[in-house]
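First the structure, in the form of structure tokens, and then the observations on it.
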Amino acid sequence: MFLQVPPEDEAAAALYRCDVQDDGYVMNLTRLWAWRPDLCESFTGLRKTLTCASSLKPREWAVLVCTTAATLGDSYCALAWGKRLADQSDAATAAAVLASSDAAALDAREKVLADWARKVVRSPNATSAADVERLRAAGFTDLEIFEATAFIAFRVAFSTVNDALGARPDLPLAQAAPPAVRAAVSYGRPVDERVPS
């Protein structure tokens with residue numbers, strides 16, 4: 001990353017411990033967010049508050065993140081969530097979403113959701129009432145439409161901080177993704193080839 005590693009205090013050390021417990025190493029993005037562990041925890045808490053109380057399905061959240069990451073050109077989130085979407089569908093479907101091509105295995109609801117994410121990321125002022133009607137016609141409630149849109153905005157903010165400050169995808173993260181997912185992520189920052197500690 002472009003910033004120095006922050007001084008390690010108890011709050012940063014707690015973030016690092018969580019990474020080691022969950023992933024076996026400290027992620028590059030965690031070292032970046034360790035400059036403000038309180039913001040990292042608040043952001044994570046806000047995202048959990050949104051997703052835990054929503055009727056959107058885990059696979060729909062994965063479609064949203066993968067589409068948002070692909071539209072932004074964010075390799076970090078694309079690799080992390082591409083694996084999740086592959087686990088919930090298959091590697092070819094995840095790769096198609098990440099390559100912004102037609103993902104035949106997405107159902108009609110997921111395709112409309114992916115279209116909405118692309119529009120929101122590219123130009124939120126260009127969305128229209130007709131776009132919202134397409135979401136409704138696919139079965140989304142107004143609450144789900146609000147939740148999906150808020151989630152896209154949260155992901156854009158998170159990715160912007162990581163990408164602007166040079167956080168590169170971790171080698172184990174890339175290695176855990178299916179080959180088709182890795183091949184589809186031809187954008188964003190390159191994988192950090194160092195073995196993390």
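The values are calculated or read from the model by the stated rules, or taken from the named source; none is laboratory data. The shown structure was predicted, so the numbers you read here are calculated from the model rather than taken from an experiment. Heads up, the Cβs are rebuilt from the backbone with ideal geometry, glycines too, and the neighbour counts pull from every protein chain shown.
Against the definition (at pLDDT 95 or above, under 15 Å from THR71 (Cβ atoms), basic (Lys, Arg) and not in a loop (DSSP other than H, G, I, E, B)), how does LYS83 come out, yes or no? It would help to see each step written out before you state the result.
Numbers: at pLDDT 95 or above: yes; under 15 Å from THR71 (Cβ atoms): no; basic (Lys, Arg): yes; not in a loop (DSSP other than H, G, I, E, B): yes.
The answer is no for LYS83.
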Exercise for review: Output the residues belonging to region 90-131 that are farther than 10 Å from THR67 by Cβ and of a type in the set (Asp, Glu).
Suggested key: ASP90, ASP102, ASP107, ASP131
Practice item. Look through ALA129, ALA114, ALA53, ALA80 and report the one residue that is more than 30 Å from LEU3 (Cα to Cα) and either in contact (Cβ under 8 Å) with a residue 60 or more places away in the chain or surrounded by 16 or more Cβ atoms within 10 Å (Cβ to Cβ) (or both). Key: ALA114
Revision key, fill the gap. Listed by first then second residue, the pairs whose first member lies in region 176-197 and is surrounded by 17 or more Cβ atoms within 10 Å (Cβ to Cβ), whose partner is among the basic types (Lys, Arg) and part of a helix (DSSP H, G or I), with beta carbons under 9 Å and at least 6 positions apart or on separate chains, are ALA177/LYS83; PRO178/LYS83; VAL181/LYS83; VAL191/ARG182
Practice item. With the condition kept exactly as written, say whether any residue in region 44-61 is in a helix (DSSP H, G or I), within 21 Å of VAL120 (Cα to Cα) and in contact with a Leu (Cβ under 9 Å, 6 or more places away or on another chain). Key: yes
Check your understanding: Quick one: in region 83-111, which of the residues that are touching a residue at least 24 places away in the same chain (Cβ under 8 Å), surrounded by fewer than 17 Cβ atoms within 10 Å (Cβ to Cβ) and among the polar types (S, T, N, Q) is nearest to SER186 (Cα to Cα)?
Key -> SER100
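The rows are residues; the columns are (1) within 19 Å of LEU72 (Cβ to Cβ); (2) in contact with a helix residue (DSSP H, G or I) (Cβ under 8 Å, 6 or more places away or on another chain).
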site	(1), (2)
LEU113	yes, yes
TRP116	yes, yes
VAL120	yes, yes
SER123	yes, no
LEU143	no, no
ARG155	yes, yes
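Right, THR30: part of a helix (DSSP H, G or I), at pLDDT 95 or above and not hydrophobic (A, V, I, L, M, F, W, C) or not? Can you show your working first?
Details: part of a helix (DSSP H, G or I): yes; at pLDDT 95 or above: yes; not hydrophobic (A, V, I, L, M, F, W, C): yes.
The answer is yes for THR30.
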Check your understanding: Mind checking whether some residue in region 62-73 is assigned to a loop (DSSP other than H, G, I, E, B) and either touching a residue at least 60 places away in the same chain (Cβ under 8 Å) or buried (at least 23 other Cβ atoms within 10 Å of the Cβ) (or both)?
Key -> yes
